[in-house]
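The values are calculated or read from the model by the stated rules, or taken from the named source; none is laboratory data. Keep in mind it's a predicted model, so treat the numbers as computed, not measured. Cβ placement follows ideal geometry from the backbone for every residue including glycine, while neighbour counts extend to all protein chains displayed. Protein only, heavy atoms only, side chains kept; ligands, DNA and RNA dropped before computing areas. Shrake-Rupley method; radii C 1.70, N 1.55, O 1.52, S 1.80 Å.
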Amino acid sequence: MTAHSKYRELFEAAVHGAAAKDWLPKLKIAAIEQFEAVGFPTTRDEDWHFTSVTPIAERTFRPVKLSATTLTSNDIARFTYGQDDWHLLVFVNGRYEPALSNFAELDAEAQVMTFSEALKEAPELLAERLGTLAPAKQAFTALNTAFMADGVVIRVPKDIALETPIHILYVTDAHANNASLHPRTLVIAEHGAQATLIETFASIGSGTYLTNHVAEVVVGDNARVDHYKVQREDGNAFHVGTTQATQGRDSIYHAFSFATGAQLSRTNVYSRLLGSNAEVRLNGLYALEEAQHADHQTFVEHIAPACSSREVYKGILDGTSHGVFNGKVYVDPQAQQTDGKQTNHTLLIGDGARVDTKPQLEIFADDVKCTHGATVGRLDDMAQFYMKSRGIGAERTRALLTYAFAAEVLELIELEPLKVALEGLLFERFIPPDSV
Amino acid sequence: MLKIENLTASAGGKQILKGISLAVNAGEVHAIMGPNGSGKSTLAQVIAGHPGYEVTGGTVTYEGQDLLEMDAEVRAQKGIFLAFQYPVEIPGVSNAYFLRAAYNEIRKARGEEEVDPMEFLDVMTEKLKIVEMTEDMLQRSVNAGFSGGEKKRNEILQMAVLSPKLAVLDETDSGLDIDALRIVAEGVNKLKRPDNATVVVTHYQRLLNYIVPDYVHVLAQGRIVRSGGKELALELEERGYDWLLEAAGATA
Ligand SMILES: Nc1ncnc2c1ncn2[C@@H]1O[C@H](COP(=O)(O)OP(=O)(O)O)[C@@H](O)[C@H]1O
Ligand SMILES: [Mg+2]
């Protein structure tokens, strides 16, 4: 039996007879059919050239069983960046946990709902928007659409700026072993609205599970969304995530991807610039060790004129890890005065570590400024000697410079407490504790 | 304190130092002058232990020990300090962290207690005054985005914090306006003690108006072609280097 027909069976078992509104089963059935038609991607697929998903395809991940958790606020405290006043939505093994969550006192008229709530309270919003940005064309998006159980819907009305960040925390524990989770996020920032969203994927205890996440983000005219993703899955886990944004005129979308977890991960961050003068910033850091594999693909579609895109991705690769960065930029014939810049810098620490970096520019307008640059290197000899000449030992010097390489890209995080927390994580990871 | 005998060194297959001998005692200030490309920085880097230079002959003893056997960090821990001609930018490492790490390593090597960030701030407050810098520079990354003058002052700040026994200043004066030059020179003078020594590498006489040397050595094409007192610097200022090179018959 092929991998994808196994999922058809699982789908029949899970969705058949579900008492959902009409449009939803329809969407899901179309998605599983699409998944069956395309199957898992292979390395012959240009978009997956450097990443084999065979380890995912050869396993059968059953949709996770939703059951109440025994985890407490104390257990998850280490994933909340010490921020008690942020809005917090916690999902444990795919199930929303109201007792662990707290998003009371939202700014005026803004809506933050779980999927199940949204199905009751704003079904027309869901029916209208869901799957429009991220249509179930790619295999993993199709799989998510077919199996999505719960997730978060955020709507920020016209000219409302949400002061307080919204943190969605997805935690797994041993119950998720051998299961798949398909969380879904839908963000709608209307004209002039502003919101900051953090999505964290973390685990307690180990397990081989698959997180297959999809986020759709509508950034309206003049709106701004800051979207941080922190992927700290268990080292045995698999993580595939696709974020698809669309941007209106004069909007700003800033997405940051921090990835240190999972044995195999693929993060897609896509934005379509539909209104003129919009700005997109896609930044990220992946720090891998042992045999980890992390693949980032970005895709900026410059459809409207006079938009700018900025991308800075950095990787630190230890052991025999493998990093992949594929930055795609498309500039439509109408998108004159496009200003695009992309960089990818990788630091190789492990002797067996490897990176594949591939900028991919398709430019069909003539009045365009698009640059890209990639470096792959080891630690700077000059900097090493400089530090040693101040009495700092060789090992400590390497640790500090490695940390510094990573910390530089974290500077692009404008949410200070998150930046500080992630710096802390890297510091712990790279700087030997006895030497502080 | 430092004794260099017949030192030869090369880099990239090229012989740069061709037999240098020099003795520096505690309490002394030596100036090393010479035209561009004569090997001044090479000598300074070899003393500091830069692995890119290969010592092909001669000896260097520091406080009776074989200096050439020591790694760069060990030399620093034993009191050698090089103010770089081109200080290196280290984005992502704050000055505060960097300075404290270095300070603690050197204290550890001297058998002294390490200090925590609060105690260190007290140390810094005092040292910053010497180079007329403000506390906000501590939060900035090491030399990153610093102006030329700020970089040089930062070198002297590091020297002030680490209080070396032997300081080698490699063209710390170049590119400085007169105010910055004064600050740097006064910094060096304030740090002078009878038990430490300073080697000032400079291309111009100007700095020596502020830091008065006991000895002046002229380096040309990898050799010391003349040594003398501080009046030699003035003579060089007046007559340039050419007469010396001719007189010494120095050729490549
Ligand atoms: N790492 C190196 N590799 C090759 N040549 C070098 C290196 N460093 C210095 N040199 C050469 O050695 C000579 C002396 O350089 P340097 O010591 O920097 O002189 P100075 O500081 O007196 O201007 C120059 O010709 C320079 O090009
Ligand atoms: Mg020089």
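Structure above, values below:
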{"read-out": "Flagged links, alpha-carbon separation over 29 Å, of A:419/B:108; B:40/B:78; B:3/B:192; A:137/A:229", "value": "A:419/B:108"}
{"read-out": "With every protein chain in place, segment A:380-436: carbon and sulfur % of accessible area (1.4 Å)", "value": "54 percent"}
{"read-out": "Residue-normalised accessible area of segment B:1-129, given per residue in Å² at a 1.4 Å probe", "value": "42 Å²"}
{"read-out": "Computed label-point distance, nm, for sites residue A:174 and residue A:108 using a 7 Å Cα→Cβ extension", "value": "5.1 nm"}
{"read-out": "Buried on assembly, segment A:388-436 (at least 40 Å² less accessible surface than by itself, 1.4 Å probe)", "value": "A:388, A:389, A:390, A:391, A:392, A:396, A:400, A:404, A:436"}
{"read-out": "Label-to-label distance, nm, for residues given as residue B:56 and residue B:210 (7 Å Cα→Cβ offset)", "value": "3.8 nm"}
{"read-out": "Stokes-Einstein diffusion coefficient of segment B:120-252, Kirkwood radius over Cα pairs, 25 °C, 0.890 mPa s, in µm²/s", "value": "151 µm²/s"}
{"read-out": "Accessible surface of segment A:3-275 [probe 1.4 Å, protein heavy atoms]: carbon and sulfur percent", "value": "47 percent"}
{"read-out": "Whole-number accessible area per residue in Å² for chain A, which is evaluated in the context of all protein chains at 1.4 Å", "value": "38 Å²"}
{"read-out": "Intensity falloff of segment B:2-247 expressed as log10 I(q)/I(0), Debye formula with alpha-carbon point scatterers, at q = 0.10 Å⁻¹", "value": "-0.47"}
{"read-out": "Share of carbon and sulfur in the accessible heavy-atom surface of chain B [1.4 Å probe, %]", "value": "48 percent"}
{"read-out": "Cβ charges +1 (Lys, Arg) and -1 (Asp, Glu), total dipole of the protein assembly as shown, debye", "value": "1100 debye"}
{"read-out": "Residue of B:14, B:129, B:40 that the Gaussian network model of chain B assigns the largest fluctuation, springs spanning Cα pairs under 10 Å", "value": "B:14"}
{"read-out": "Residues in segment B:42-84 occluded by at least 50 Å² - accessible area, probe radius 1.4 Å, against chain by itself", "value": "B:73, B:84"}
{"read-out": "Longest segment of chain A lacking GluC sites (Glu not before Pro) that sit in a DSSP loop with at most 10 other Cβ atoms within 10 Å", "value": "A:164-436"}
{"read-out": "Separation in nanometres of the label points that stand 7 Å from Cα toward Cβ, at residue B:36 and residue A:336", "value": "4.7 nm"}
{"read-out": "Rg(Cα)/(2.2 N^0.38 Å) for segment B:98-166, N = residue count", "value": "1.09"}
{"read-out": "Amide H contacts of residue A:172 (H built 1.01 Å from N, under 5 Å, at least 5 apart or other chain)", "value": "A:93, A:202, A:203, A:204"}
{"read-out": "Cβ charges +1 (Lys, Arg) and -1 (Asp, Glu), total dipole of segment A:268-346, debye", "value": "240 debye"}
{"read-out": "Value of Rg to Rh for chain A (Rh from inverse mean 1/r over Cα pairs, i.e. Kirkwood)", "value": "0.96"}
{"read-out": "Stokes-Einstein D in µm²/s, Kirkwood radius over Cα pairs - segment A:380-436 at 20 °C with 1.002 mPa s viscosity", "value": "178 µm²/s"}
{"read-out": "Area hidden from solvent between A and B (accessible, protein heavy atoms only, 1.4 Å, total, Å²)", "value": "2100 Å²"}
{"read-out": "For segment A:78-155, projected area of the alpha-carbon convex hull averaged over all directions, nm²", "value": "6.5 nm²"}
{"read-out": "Delta accessible area of at least 40 Å² on complex formation, residues of segment B:95-120, 1.4 Å probe, chain isolated as reference", "value": "B:97, B:98, B:105"}
